[in-house]
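The values are calculated or read from the model by the stated rules, or taken from the named source; none is laboratory data. The model shown is predicted, which means the values in this text are computed figures rather than measured ones. Positions of Cβ are backbone-derived with ideal geometry, glycine not excepted, and every protein chain shown enters the neighbour counts. Areas reflect the complete protein model, heavy atoms only, side chains present, ligands, DNA and RNA absent. Shrake-Rupley method; radii C 1.70, N 1.55, O 1.52, S 1.80 Å.
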Protein chains: 2
Amino acid sequence: MAQLDAALARIDADQDAALKRLFALVAIPSVSTDPAYAGACLTAAEWLKGELAGIGFEAEVRPTAGHPMVVAHAKAGRPGAPHVLFYGHYDVQPPDPLDLWQTPPFEPRLAEAPTGPQLVGRGTSDDKGQLMTFVEACRALRATGPLPCDITILFEGEEESGSRSLPAFLAANKAELHADVALICDTGMLDRTTPAVTTMLRGIVTEELVIKSADRDLHSGLFGGAAVNPIHVLARIIADLHDADGRVTLPGFYDGVAELPEEIAAQWRDIGFDGAQFLKDVGLSVPAGEKDRSVLEMLWSRPTCDVNGITGGYTGKGFKTVLPAQASAKISFRLVGAQDPQQIDASFRAFVKARLPADCRVEFVAHGGSEALQLPLESQALTRARAALNDEWGKEPVLIGSGGSIPIVGAFRRDLGMESLMIGFGLEDDRIHSPNEKYELSSFHKGARSWVRILTALGAA
Amino acid sequence: MAQLDAALARIDADQDAALKRLFALVAIPSVSTDPAYAGACLTAAEWLKGELAGIGFEAEVRPTAGHPMVVAHAKAGRPGAPHVLFYGHYDVQPPDPLDLWQTPPFEPRLAEAPTGPQLVGRGTSDDKGQLMTFVEACRALRATGPLPCDITILFEGEEESGSRSLPAFLAANKAELHADVALICDTGMLDRTTPAVTTMLRGIVTEELVIKSADRDLHSGLFGGAAVNPIHVLARIIADLHDADGRVTLPGFYDGVAELPEEIAAQWRDIGFDGAQFLKDVGLSVPAGEKDRSVLEMLWSRPTCDVNGITGGYTGKGFKTVLPAQASAKISFRLVGAQDPQQIDASFRAFVKARLPADCRVEFVAHGGSEALQLPLESQALTRARAALNDEWGKEPVLIGSGGSIPIVGAFRRDLGMESLMIGFGLEDDRIHSPNEKYELSSFHKGARSWVRILTALGAA
């Protein structure tokens, strides 16, 4: 275990330089959903290629129809070593609303907090900080001896905007990307001191709808009362999507949603998850979803519908008595079990069309989707990774679900015949997708140490 | 009638120069609701002061807590002449959505159309083109002899944003502004060839509400299902505002709403107003308001509720799975009869509060309001003005209602004890408050001629 100890010591000694590297990556505003940042996405990909090449990987930036992929390979020190594929994404969510950031989102900084030092900036947690834990682990292992596994790295640049180029890229590079197991660092710990492996993921369907009526914006005094108002039509549709018990009303929505197996339900009860505290941390007190479900069920094993954005008419300062010609909303459904994204999307579109009054029409823009996933619980890779995490954190890792969607896991299974281990070091209060996103310095540091241990464990004979 | 004929001839001969003057005023982007344009509002006021001084008025720009007023006085050629107060507003609506303008909103142009030449630009109709008809009439009368009336002019700069400074200004300048009758040019004709005097105005209540929930934006995957979504809450409130018959559901909303007197109902039936064509002109076909009401009733004599703007969550390009911390809407109610703006505002606020679920709070921003108005139908001023309009247009003017709100009329009655004559030359398809706003050249030209005739008629012994 001489190399393991040396590599862990190397991580510890190299902390300041590792932080500088992460901040250099965070400073690149690689917002994938907005075409204005396409140049920054390419810059981030090139930066990662350079880092990986610098530690001995054969690294390339590969073009796609959208933002490029970074693909890198390095061989283990011995023939017959297992082959792992590590996946992360270098793109980030838009930083708005900008005025709620205490410091600029792309000027990362180290901040002291009661729970310890934090790295603040867009992408520090999701997913730049997380993916760099793996890069730093590879760096430390390379610096102290041979790699314990053959390692392929795939960094995507469209995870936050629907992963549109991913299916074609996987299909075109099956042989190159196939490995014994995929490692994904885009999830969280159970809490600050308890590591976790995520084995259950919600799926997602995302849709944008635009309700259109008159051929121009109208004056609400001169036309109001006689002309249909598309904001009213949209509000009615949104209001109709949930019943009084918090259930989604789309016909067939709950097809394929099973009750939680008692074994897992029991494990979740034992976790000691405090739903009230979870809500209190963000200023809330009452679970808002389906009646008679625990907060953890609502988040991990129940489907949802949320409007993620709405706009129509005059939204600037002051008042404008306009009767707008259109109103639009972005809506997402989180899926569980065997819910079918296509069927739910079709049901949603029919639901909207059935509620259109005279003189209104609707346009839809699909923004991608994926089915829900349950990963195998008995693999050797999972067993070894759990032991390695226990070694680092001094605590048995918990097998958890995630309310978020990580479409790559389904794609790896479906397109490459490969299961994934989802191990991440984010915390629930990391404010990912929100202003003042942060990553704990301990997540970054002990995350890198965890990967050193996991790679060593996976590579053991 | 030598001066009348000379002044009319002068209007005809001076058309090109008059158009240049109007375009100079339209080119000033005096958007009152947005503080970014405060400088432009002052520029517009100064420009008008200069014009009025140039034709012999004692003109001043008077500061207020908001945008300034322009006040000007000129005496008639004989003692004992009647005194009229002319009111217009130099501020305009915001030009957005900018991308729907065929040419920039503040670069006015003359365009040929099947119905004749049009002046295109923000404010050409509402209200810069209209107020300049009166200024040009004064110019022509001054150029050809003495004024037939004592004339005071009041130009406001906050009409499109709630007229917040007006009450205090009227109160502080009662004696200076009081006249025998007020003339207001901010309304329309019945159609291209039929002049109108507006004698019935809807009132208005405007409110902005912001629904707030969590203390930050959340990730809809990690919190969706458990955390309340303020967009859903807002949509439910908006959906609840109307019942299935198109009636507003606020308790007490219809208190003070009387059925139309049969005399006026008959007049409106005789007008030959084509509700289907009115809607067809803007791409609609079916009246969307209260069941069993004619389009003209919906517009002129029935109260309404319209959402004028809504926003929440991510509204940029692409998709962002945010569960927002707040959502907001701007809502206006058009009032008729004896509806009480204060009572309706209170009812609305109670209605919203009664629908707030746990963990949600609401903030309101009132944007002003006014009661509905019925003007006297038997005054000598109205009789003379109708005859003058008949002389110009060769057609008896119609007495109409207006769906829009012109709070100044109520303020003149209440604060200055003065009734108003509302005579304007706008057309229903002028696209006021919308992209590509226009004013017909014939409205501008014959409007100025109309004021020459009206002032002459009012000033006759």
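Just to check your reading of the model, which residue among B:PRO376, B:PRO407, B:PRO357 is over 16 Å from the mean Cα position of the chain (by Cα), in the same structural domain as B:ASP12 (by TED's automatic domain parsing) and of a type outside the set (D, E, K, R)?
Being over 16 Å from the mean Cα position of the chain (by Cα), in the same structural domain as B:ASP12 (by TED's automatic domain parsing) and of a type outside the set (D, E, K, R) holds for just one of B:PRO376, B:PRO407, B:PRO357, which is B:PRO376.
Quick check on segment A:220-236. Is at least one of its residues surrounded by fewer than 24 Cβ atoms within 10 Å (Cβ to Cβ), small (Gly, Ala, Ser) and outside the structural domain of A:THR64 (by TED's automatic domain parsing)?
Taking every residue of segment A:220-236 in turn, none turns out to be surrounded by fewer than 24 Cβ atoms within 10 Å (Cβ to Cβ), small (Gly, Ala, Ser) and outside the structural domain of A:THR64 (by TED's automatic domain parsing).
So which of A:ASP245, A:ASP270 ends up being over 24 Å from B:ARG361 (Cα atoms) and either in contact (Cβ under 8 Å) with a residue 60 or more places away in the chain or open to solvent by 20 Å² or more (accessible area, probe 1.4 Å) (or both)? Explain how you work it out, then say what you get.
Details: A:ASP245 fails: over 24 Å from B:ARG361 (Cα atoms).
It is A:ASP270.
In segment A:287-334, how many are under 30 Å from B:GLY203 (Cα atoms) and part of a strand (DSSP E or B)?
9
Within the bounds of segment B:382-400, is there any residue that is under 25 Å from B:LYS174 (Cα atoms) and free of Cβ contacts under 8 Å to residues at least 24 places away in the same chain?
No, that holds for no residue.
Please work out if A:PRO108 is at pLDDT below 95 and closer than 28 Å to A:ALA7 by Cα.
no
Which residue, of B:GLU46, B:GLU51, B:GLU60, is farther than 20 Å from B:LEU166 by Cβ and either acidic (Asp, Glu) or more than 14 Å from chain A (Cβ to nearest Cβ) (or both)?
B:GLU51
Applying the selection to segment B:338-365, what residues are open to solvent by less than 50 Å² (accessible area, probe 1.4 Å), farther than 29 Å from A:SER332 by Cα and either small (Gly, Ala, Ser) or within 12 Å of chain A (Cβ to nearest Cβ) (or both)?
Passing the criteria: only B:SER347.
Just name the residue that is most open to solvent (accessible area, probe 1.4 Å) out of those in segment A:90-119 that are within 14 Å of chain B (Cβ to nearest Cβ) and outside any loop (DSSP other than H, G, I, E, B).
Among them, the one singled out is A:ASP99.
Restricted to segment A:124-179, and to residues that are crowded, with 23+ Cβ neighbours inside 10 Å and of a type in the set (Lys, Arg), which residue is nearest to A:GLY66 (Cα to Cα)?
A:LYS128
Of the residues that make up segment A:43-57, is at least one at pLDDT 95 or above, in contact with a Leu (Cβ under 9 Å, 6 or more places away or on another chain), open to solvent by 20 Å² or more (accessible area, probe 1.4 Å) and over 25 Å from A:LEU119 (Cα atoms)?
Scanning segment A:43-57 turns up at least one residue that is at pLDDT 95 or above, in contact with a Leu (Cβ under 9 Å, 6 or more places away or on another chain), open to solvent by 20 Å² or more (accessible area, probe 1.4 Å) and over 25 Å from A:LEU119 (Cα atoms).
Of (1) farther than 21 Å from B:ALA40 by Cα; (2) part of a loop (DSSP other than H, G, I, E, B), B:LEU141 satisfies all except one. Which?
(2)
For segment B:366-388, what are the residues that are surrounded by 14 or more Cβ atoms within 10 Å (Cβ to Cβ) and in a helix (DSSP H, G or I)?
B:ALA381, B:LEU382, B:ARG384, B:ALA385, B:ARG386, B:ALA387, B:ALA388
Looking at (1) open to solvent by less than 20 Å² (accessible area, probe 1.4 Å); (2) within 14 Å of another protein chain (Cβ to nearest Cβ), which one does B:TYR37 not meet, given that it meets all the others?
(1)
When you go through B:ALA24, B:ALA38, B:ALA44 one by one, which is the residue that is assigned to a helix (DSSP H, G or I) and in contact (Cβ under 8 Å) with a residue 40 or more places away in the chain?
B:ALA44
Given the criterion within 20 Å of the chain's Cα centre (by Cα) and either charged (D, E, K, R) or within 25 Å of B:ASP245 (Cβ to Cβ) (or both), identify the matching residue among B:GLU392, B:GLU371.
Residue meeting the stated conditions: B:GLU371.
Matching residues to (1) more than 9 Å from chain A (Cβ to nearest Cβ); (2) part of a loop (DSSP other than H, G, I, E, B):
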| residue | (1), (2) |
| --- | --- |
| B:ILE204 | no, no |
| B:HIS232 | no, no |
| B:ILE238 | no, no |
| B:LEU250 | yes, yes |
| B:VAL257 | yes, yes |
| B:GLU263 | yes, no |
| B:SER285 | no, yes |
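Looking at (1) under 21 Å from B:ARG361 (Cα atoms); (2) within 12 Å of chain A (Cβ to nearest Cβ); (3) touching a Phe, Trp or Tyr at 6+ places or on another chain (Cβ under 6 Å), can you tell me which one B:SER220 breaks?
All conditions are met except number (3).
Against the conditions (1) within 14 Å of chain A (Cβ to nearest Cβ); (2) open to solvent by less than 20 Å² (accessible area, probe 1.4 Å); (3) not in a helix (DSSP H, G or I), where does B:MET418 fall short? Just the number, please.
So the condition that B:MET418 fails would be (1).
Using the structure shown, decide if A:ASP391 is open to solvent by 40 Å² or more (accessible area, probe 1.4 Å), away from chain B (no Cβ under 14 Å), closer than 30 Å to B:ALA239 by Cβ and of a type outside the set (Val, Ile, Thr).
So A:ASP391 does not fit the description; no.
Can you name the residue in segment B:316-331 that is at pLDDT below 95 and not hydrophobic (A, V, I, L, M, F, W, C) and is also most open to solvent (accessible area, probe 1.4 Å) among such residues?
B:LYS317
Find all pairs meeting these conditions: Cβ atoms under 7 angstrom apart; at least six residues apart or on different chains; first residue within segment A:160-177 and more than 18 Å from A:GLU60 (Cα to Cα) and within 14 Å of chain B (Cβ to nearest Cβ); second residue in a helix (DSSP H, G or I) and open to solvent by 20 Å² or more (accessible area, probe 1.4 Å).
Sorted first by the residue in segment A:160-177, then by its partner, the pairs are A:SER163/A:PRO407.
Suppose we filter segment B:421-437 for residues that are assigned to a loop (DSSP other than H, G, I, E, B), within 14 Å of chain A (Cβ to nearest Cβ) and under 15 Å from the mean Cα position of the chain (by Cα); how many remain?
The number of residues fulfilling the criteria is 10.
How many residues does segment A:335-365 hold that are farther than 26 Å from A:ILE231 by Cβ and either in contact with a Pro (Cβ under 7 Å, 6 or more places away or on another chain) or in a strand (DSSP E or B) (or both)?
Just the residues of segment A:335-365 that are farther than 26 Å from A:ILE231 by Cβ, to begin with: A:335-343.
Then keep just the ones that are either in contact with a Pro (Cβ under 7 Å, 6 or more places away or on another chain) or in a strand (DSSP E or B) (or both); that gives A:335-336, A:339.
Counting residues in segment A:335-365 that are farther than 26 Å from A:ILE231 by Cβ and either in contact with a Pro (Cβ under 7 Å, 6 or more places away or on another chain) or in a strand (DSSP E or B) (or both) gives 3.
Out of A:VAL307, A:VAL336, A:VAL286, A:VAL352, report the one residue that is out of contact with any strand residue (DSSP E or B) (no Cβ under 8 Å at 6 or more places or on another chain) and among the aliphatic types (A, V, I, L, M).
Residue meeting the stated conditions: A:VAL286.
Within the set of pairs 6+ apart or on separate chains, which have a first residue in segment A:295-312 that is within 7 Å of chain B (Cβ to nearest Cβ), a second that is among the acidic types (Asp, Glu), and C-beta atoms under 8 Å apart?
A:MET298/A:GLU290; A:ARG302/A:GLU290
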